[in-house]
Amino acid sequence: MRIAILTISDRASRGEYEDRGGPAVEAWLMRTVSTHMRIDRIIIPDGFETTRDTLIELSDAKAYDMILTTGGTGPAPRDLTPEATQSVLTKELPGFGELMRKASLDYVATAILSRQTAGVRGKTFILNLPGSPASIDVCLTAVFAAVPYCLDLIGAAFVDTDPNVLKAHRPGR
Ligand SMILES: Nc1ncnc2c1ncn2[C@@H]1O[C@H](COP(=O)(O)OP(=O)(O)OP(=O)(O)O)[C@@H](O)[C@H]1O
Ligand SMILES: Nc1nc2c(c(=O)[nH]1)N[C@H]1C(S)=C(S)[C@@H](COP(=O)(O)O)O[C@H]1N2
């Protein structure tokens, strides 16, 4: 199971602040996923073309099973992660964004400002998370039970979770 964590942030990429989103995603996965993972973390600035080209390279050339992005999902002019993600998806899975926003609304009214989405490009599953490091646990915990079965369906690597932390749902099992 190869996972790319892609931080999309002008300021983190310039070193104006230390990236806390990428490490938060990695820590969540380490706590939750019970099967072997190889995780790589990458930081890029905001921007449609950079994000699109990076997502295509990570999916097609590098064949990651899953890409988790953080940042660039809001309404500011440079927030273009959802557009770039949609432009590379072969299938969008809008339920992921809907459920992450719903779960986040229990914590912050501004959750509706995130346009985060998810979907599939070939055998790669791509999921957007907001930039706020505090959003990572909330969003991943809300949707991750459906991710292992989604990876089964698209022919990506097998992944399972520690049921004491979060039980993956595979229909019929
Ligand atoms: N990768 C990150 N690491 C640490 N803090 C972050 C990160 N991304 C966002 N934040 C925090 O969340 C706040 C809101 O994020 P904002 O929407 O302004 O950032 P962004 O558009 O994702 O990233 P940037 O503005 O750096 O391009 C930021 O002010 C910052 O405190
Ligand atoms: N769970 C959760 N979701 C959240 C937030 C948060 O703090 N927690 N921040 C919101 C805010 S303030 C914004 S602007 C949007 C988009 O953030 P991004 O542009 O950094 O991706 O995510 C929203 N979703």
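Quick one: pull the percentage of alpha-carbon pairs in the chain with a separation above 30 Å.
The calculated P(r) of the chain puts 9 percent of pairs beyond 30 Å.
Calculate the dipole size of the chain relative to its Cα centre from +1 charges on Lys and Arg beta carbons and -1 charges on Asp and Glu beta carbons; express the result in debye to the nearest 20.
On the way: 19 positive and 21 negative charges, 82 e Å.
About 400 debye.
Using +1 at the Cβ of each Lys and Arg and -1 at the Cβ of each Asp and Glu in the chain, identify which of LEU129, VAL108, TYR149 lies farthest towards the dipole's positive end.
TYR149
Between ASP60 and ALA76, what is 0.36 nm times their sequence separation minus the Cα-Cα distance? Round to one decimal in nm. Don't skip to the answer; put the middle values down first.
Values: separation 16, 0.36 × 16 = 5.76 nm, distance 2.92 nm.
Extra length from ASP60 to ALA76 when fully extended: 2.8 nm.
Can you find, among ILE5, ALA27, ALA61, the residue farthest towards the positive end of the dipole of segment 2-154? Put +1 on the C-beta of Lys and Arg, -1 on that of Asp and Glu.
ALA27
Pop out the ³J(HN,Hα) list for segment 156-173 in order, Karplus 6.51 cos²θ - 1.76 cosθ + 1.60 with θ = phi - 60°, rounded to Hz; leave Gly and Pro as x.
In residue order, the calculated couplings are 7, 5, 6, 9, 9, 10, 6, x, 6, 9, 7, 8, 5, 9, 10, x, x, 10 Hz.
How much accessible area per residue does the chain have, in Å², with a 1.4 Å probe? Let's see the in-between values first.
On the way: 8330 Å² over 173 residues.
Ligands and nucleic acids excluded, the result is 48 Å² per residue.
Accessible area of segment 1-59 with a 1.4 Å probe: how many percent of it is carbon plus sulfur?
Details: 1360 of 2950 Å².
It is 46 percent, rounded to a whole number.
Residue separation times 0.36 nm, minus the C-alpha to C-alpha distance between VAL108 and THR90: what's the value?
On the way: separation 18, 0.36 × 18 = 6.48 nm, distance 3.15 nm.
Gain on extension, VAL108 to THR90, equals 3.3 nm.
Whole-Hz ³J(HN,Hα) for each residue in segment 143-148, computed from phi via Karplus 6.51 cos²θ - 1.76 cosθ + 1.60 with θ = phi - 60°, x for glycine and proline: what do you get?
For segment 143-148, the Karplus-derived couplings read 10, 5, 4, 8, 6, x Hz, x marking Gly and Pro.
Among the lysines, which have Cα under 24 Å from the Cα of LYS91 when same-chain residues fewer than 8 positions away are ignored?
LYS62, LYS102, LYS123
Using only alpha carbon pairs under 8 Å that are at least six residues apart, calculate the relative contact order of segment 2-154 and give it in whole percent.
26 percent
The values are calculated or read from the model by the stated rules, or taken from the named source; none is laboratory data. All of these numbers come straight from a predicted model, not from anything done at the bench. Every residue, glycine among them, receives a Cβ derived from its backbone with ideal geometry; neighbour counts consider all protein chains shown. The area values use the complete protein model at the heavy-atom level, side chains included, leaving out ligands, DNA and RNA. Shrake-Rupley method; radii C 1.70, N 1.55, O 1.52, S 1.80 Å.
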